[in-house]
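Read through the structure below, which is laid out as structure tokens, and then see the notes.
The values are calculated or read from the model by the stated rules, or taken from the named source; none is laboratory data. Only a predicted model underlies this, so the values are computations on that prediction, with no experimental measurement involved. In this analysis, Cβ positions are derived from the backbone assuming ideal geometry, glycine residues included, and neighbour counts consider all displayed protein chains. Please note that ligands, DNA and RNA were not included when accessible areas were found on the heavy atoms of the full protein model with its side chains. Shrake-Rupley method; radii C 1.70, N 1.55, O 1.52, S 1.80 Å.
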Amino acid sequence: MDDNFRDSIGTINKEGKRSWIFPKKPSGRYYTYRKWVSYVLLLFLLSSPFIKINGNQFLMFNVLERRFNIFGFPFWPQDFHLFVISMITGVIFVALFTVAFGRIFCGWICPQTIFMEMVFRRIEFLIDGDRGAQIKLDKQSWNAEKIRKRVLKWTVFLIISFLIANVFLAYLIGSDKLFQYIIDGPLQHVSTLISLIIFTMVFYFVFAWFREQVCIIACPYGRMQGVLLDNKSIIVAYDHKRGERENGRKKFRKNEDREALGHGDCIDCFQCVNVCPTGIDIRNGTQLECVNCTACIDECDHIMEKVNLPKGLIRYASEDNIEQKEKFKFTPRLKGYSAILVILTGVLIGMLFLRNDIEANILRLPGQLYEHKEGNIISNVYTYKLLNKTTLDIADVHFELMSHKGNIKLVRNQNFSVPAQQSSEGTLFIEINNSVLNGDKDKLKIGIYSGKNLIESTTARFLAPRSYK
């Protein structure tokens, strides 16, 4: 194996310029599986912003308003700790699968790969043809055929990028708001229109030009896999023991006894290189650019069939499996990641179940002392803020003391409503007889009721003169 490949990436030529990749159209068992997985995930990605559960958008990441919906669960700024735990859980989940199965997330699940290989690349095959036709078209002069194909392809790419940008915007601002902006007209929301144009151009740039460079250069996960992989990780691997043997690879010749000559089963056809979407030679071993897309596995199996040699020269295997025929084991690293994942998942589920639909904060008004009223009554003034996290209005809301005997008086109406997914705030007075207080700073428990139903409780400190009983 020549180690010179490690001196540069597959998409850069000797002069240091971009080496454009023209991968061959893949086909085979794994590619069929990937297509079905991709179609399901495409449906999920494109429909999630428009699906609602209990009135909540299925997935939403409204960074500006710090509102997030994950699988129908709304997360507000007050729930940021839950959002952080869910994100950490997701990262550990990806790390676990990387340790076990390499960069399988990149080749099978990553939105960049799905859109690139299953949408844009397939359109390119349809318009420009397969690898040979694309190389020929790229080299030929700008005649009528090339102009027609380029304009058609770029136009289709731009339209799809615009549609993806709209879906992306629905994730950010919410599908309801997006539809309202469309009904109002783009000129009524110029800032949103500018954002949409920027997103469109970014997606167009990524899928029409930058392409596999995202996976190789921009994506941090590609760097992370180098830390996570070990000799026991199941990856897309070339069986160099079988492919090389004592005297290395050799071009195929009919009726030749390769085993007697000491040559491996690799016939040096370069089809695994031609079909690779990142332009690497999998026979050089594990590489940063490999996204575990399995295109080389399918292509190599086709070649092995044609020359009557066993399939699996390139396959899912670990380095230990190739070197020592060792089977997959649940290693201590996998057990450690699994334990962390189980703990985090349990904590997240528990916190989700304990999470209330309404968030209540009642705080003493800063700088205000207590007021001594007739009948030994002590009064404190508070501000309250109630946040309704549900999609339904909460009506007939009022406060009651749960820990002490006393009265709660609102500056406005005693009973009020909290609109859906909005907050309500105001001022209230709490009056308690000093004889039932235990000191100068009693801790009160306050219940928030909707009608007769207790929907939340909170605590507050009550300031009073020391009582001498």
Are there any strands (runs of 3 or more DSSP E) wholly within the range 278-377 with 2 or more residues that are open to solvent by less than 80 Å² (accessible area, probe 1.4 Å) and closer than 30 Å to Ala460 by Cβ, and if so which?
358-364
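Do you know which of the residues in the range 110-124 that are surrounded by fewer than 19 Cβ atoms within 10 Å (Cβ to Cβ) and within 11 Å of Leu41 (Cβ to Cβ) is nearest to the chain's Cα centre (by Cα)?
In this case the residue turns out to be Pro111.
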Check off (1) at pLDDT 90 or above; (2) open to solvent by less than 40 Å² (accessible area, probe 1.4 Å); (3) not in a helix (DSSP H, G or I) for Thr390 and give me the number that stays unchecked.
(1)
Take Val99 and tell me if it is crowded, with 19+ Cβ neighbours inside 10 Å, in a helix (DSSP H, G or I) and of a type in the set (Val, Ile, Thr).
yes
Does Phe71 satisfy the condition of being open to solvent by 40 Å² or more (accessible area, probe 1.4 Å) and either of a type in the set (Gly, Ala, Ser) or within 16 Å of the chain's Cα centre (by Cα) (or both)?
yes
Among the numbered conditions (1) β-branched (Val, Ile, Thr); (2) touching a Leu at 6+ places or on another chain (Cβ under 8 Å); (3) closer than 30 Å to Gln271 by Cα, tell me where Val381 comes up short.
(3)
If we keep just the residues of the range 426-469 that are open to solvent by less than 50 Å² (accessible area, probe 1.4 Å) and without any contact (Cβ under 8 Å) to a residue 40 or more places away in the chain, which is farthest from Lys385 (Cα to Cα)?
Ser467
Looking only at the range 10-30, count every residue that is more than 15 Å from Ile282 (Cβ to Cβ), in a loop (DSSP other than H, G, I, E, B) and aliphatic (A, V, I, L, M) and tell me the total.
0
Members of the range 220-236 that are open to solvent by 40 Å² or more (accessible area, probe 1.4 Å) and over 20 Å from Arg283 (Cβ atoms)
Pro220, Arg223, Met224, Val227, Asp230, Lys232
Looking at Asn407 and the list (1) farther than 13 Å from Ile455 by Cβ; (2) open to solvent by 80 Å² or more (accessible area, probe 1.4 Å); (3) within 41 Å of the chain's Cα centre (by Cα), which single condition is not satisfied?
(3)
Looking at the structure I just gave you, is Gly243 buried (at least 19 other Cβ atoms within 10 Å of the Cβ) and over 27 Å from Phe58 (Cβ atoms)?
yes
